[in-house]
Each structure stands twice: as structure tokens, then as C-alpha cells.
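Everything on this sheet refers to the single structure shown next.
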Amino acid sequence: MILSNPFIQTLDSFILAALSEDIGDGDHTSLSTIDPDKKDIAIVKVKEKGILSGIKIAERVFQLVDTSLKIEIHAKDGSAVKVGDIVMTISGNTRNLLKSERLALNCLQRMSGIATLTGKYVEAVKGTGVNILDTRKTTPNFRQFEKTAVSAGGGMNHRFGLYDMILIKDNHVDAAGGIKNALLKAKDYLQQTGKKLLIEIETRNLDEVNQVLQTGIANRIMLDNFHPDLLKEAVLLIDNRLETEASGGITLDNIRAYAQTGIKFISVGALTHSYKSLDISMKLTR
């Protein structure tokens, strides 16, 4: 499912803009080499193990290019796929199949890559009760799809943008004159505007954690670049008075140690900025 909020473009507008960027005044390779009435069957095949995401977006690409194309979906988002799995079959006009190919695969490969990487992080913390979160470290105008892919991989979405949560980071703290000032200003802002937003604040050490606890204002506290031993100490100090989130320097190799500290959330920017696209291809077949 594509995330829904009033600020993002619709799926169709995204696809149409992307098609226009790619096609320009025509797919001259297909126009020059393929008869206009030729028809074929295309199969979309997985070439490496992973988790599928983006199948409905790929389907919509083909539909918007040619409503007469016949499309069969063989696997759903969030499903585990392996080498050789055919996830989609499309039949119809050959020119239109090839016109749709790259955009459909670009979305499918990237989203499946994100879902696959997310699934690895989720598996790494299995049994600890920790939730894996994404971040705003996303591709401009592709964020909605990347966050959808995180969900397909078993992760959770953090805030979508700057508008749906107050997240006070280190730069905000420094610019506001400290932890207490930043939180008081955020509280006053919500009262003045009538907005109902959660407040999260980033901390860099135990002293800042104590300052946050003393205000009693925040809903969630981010513990940034705490090593596991210090993180465990901070979690004990917080004692469930706030939701806790760890971030910074966390990888697949060390995430288990962080997850065993009692933390509730771990946010991982790598989910959407350091993934590898899943190898998926489209081939014409008789």
C-alpha cells in the first residue's frame, strides 16, 4: 500500500512524470525496429533471493502506458522470492511492453532491495521486541515508495516528513539554547497552533537525557551514537517514562547488541540510502 498523506504526489502523477522524463518525444528504438501491431508476452523474473516490494506500482506503469495490456500478478509485496521466480506476466503490444519496462523495473528493483535489506535488520533483532524504523534519508520524490518498501520488509515508518512530528535534533537544541529551551518552545508552539504532534528529542549523553527527563515534555527520546553499554545505562535511567530510540553507527553486524539493551526502537538510515537493488529482469517470450 502506498502511504497516504495530503502532501505527496499521487501514484499516477509520479508515473506519468517519470514516463515523460524517459520517453520524451518517443521511444525511437522501438518505433524504428518493431512493427506497430506486433504482440508479445513478457515475464518479470527474479534473479536473486529477497523480499518483493513494488509489484502494484510496476503493474500501474504498464496500465498507464497501455490499458489493453493483459497483466497477471504471481507474487505480492512482502513475499519472499527466490532465483527464477516469475512475479508478473504481461502480454500485448510489444512497443508498449518495452516502453514500460525500465520504469516498472526501476521501481520494483529498488523497492525490493529496500524490503530485502529491511528484512535482514528485522531478522537480526528477532526475539528482542525491538522495532526497526526508517528515516528521512530518502530519495527526493521517491520517499513514499521507499517507506512502503520498508513496511513490506517488516520495518516501521518513522515520521514521513517535517510536518508530522516534532523531532528536535542536535542543531535545533544548539540553536534554541539548550534542551530545556527547545522543549519549552516546542510545547508552547503546539499550544499556540493547536497542532497535536508527538515530540521527540535527540540526546548525545546522559546529562542531556537527565535534562529531558526533568522537563517531562517529550514523548520519545533519541539516544544518538550511544555505544551498547551506555545505551543500556540510559534505558535504565529513563525507566519507561518515555519511548526510547537508538540511532547512529548501527549496522547489521552490531545491531543485536543494541537490541539487547532494552531499547524500543532502532532507526536505520541505511535502509533507504545504502540498499542494493534486487536483480529483477523482464524478458520477452513466445
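The values are calculated or read from the model by the stated rules, or taken from the named source; none is laboratory data. Keep in mind that what you see is a predicted model, and the values were worked out from it rather than measured. Please note: Cβ atoms are built from the backbone with ideal geometry, for glycine as well, and neighbour counts cover all protein chains shown. Only protein heavy atoms, including side chains, enter the accessible area calculation; ligands, DNA and RNA are left aside. Shrake-Rupley method; radii C 1.70, N 1.55, O 1.52, S 1.80 Å.
List every residue pair whose Cβ atoms lie under 7 Å apart, where the two residues are 6 or more positions apart in sequence or sit on different chains, the first residue falls within the range 251-267 and is more than 9 Å from THR128 (Cβ to Cβ), and the second residue, located anywhere, is of a type in the set (Phe, Trp, Tyr). Every condition considered, the pairs that remain are LEU252/TYR121; ILE255/TYR121; ILE266/TYR258. Is it fair to say LYS82 is touching a residue at least 24 places away in the same chain (Cβ under 8 Å), surrounded by fewer than 19 Cβ atoms within 10 Å (Cβ to Cβ), closer than 17 Å to ALA152 by Cα and not small (Gly, Ala, Ser)? So LYS82 passes the test.
Every test in (1) open to solvent by less than 30 Å² (accessible area, probe 1.4 Å); (2) under 27 Å from THR10 (Cα atoms) is passed by ASP40 save one, and that test is (2). LEU237 falls short on exactly one of the conditions (1) out of contact with any strand residue (DSSP E or B) (no Cβ under 8 Å at 6 or more places or on another chain); (2) within 20 Å of SER151 (Cβ to Cβ); (3) of a type outside the set (Gly, Ala, Ser), and that condition is (2). Consider the range 198-209 and keep the residues that are touching a residue at least 24 places away in the same chain (Cβ under 8 Å) and part of a helix (DSSP H, G or I). The one that is least open to solvent (accessible area, probe 1.4 Å) is VAL209. Checked against the criteria, VAL235 does not count as among the β-branched types (Val, Ile, Thr), farther than 22 Å from GLY269 by Cα and either touching a Gly at 6+ places or on another chain (Cβ under 9 Å) or open to solvent by less than 30 Å² (accessible area, probe 1.4 Å) (or both).
In the range 127-139, is there at least one residue being more than 19 Å from ALA58 (Cβ to Cβ), of a type in the set (Asp, Glu) and surrounded by fewer than 18 Cβ atoms within 10 Å (Cβ to Cβ)? Taking every residue of the range 127-139 in turn, none turns out to be more than 19 Å from ALA58 (Cβ to Cβ), of a type in the set (Asp, Glu) and surrounded by fewer than 18 Cβ atoms within 10 Å (Cβ to Cβ). In the condition set (1) open to solvent by less than 70 Å² (accessible area, probe 1.4 Å); (2) in contact (Cβ under 8 Å) with a residue 24 or more places away in the chain, GLN63 is compliant with all but (2).
Counting the residues of the range 124-150 that are under 25 Å from ASP253 (Cβ atoms) and without any contact (Cβ under 8 Å) to a residue 60 or more places away in the chain gives 3.
Scanning the range 106-126 for residues that are out of contact with any strand residue (DSSP E or B) (no Cβ under 6 Å at 6 or more places or on another chain) and either surrounded by fewer than 20 Cβ atoms within 10 Å (Cβ to Cβ) or of a type outside the set (A, V, I, L, M, F, W, C) (or both) yields a total of 9.
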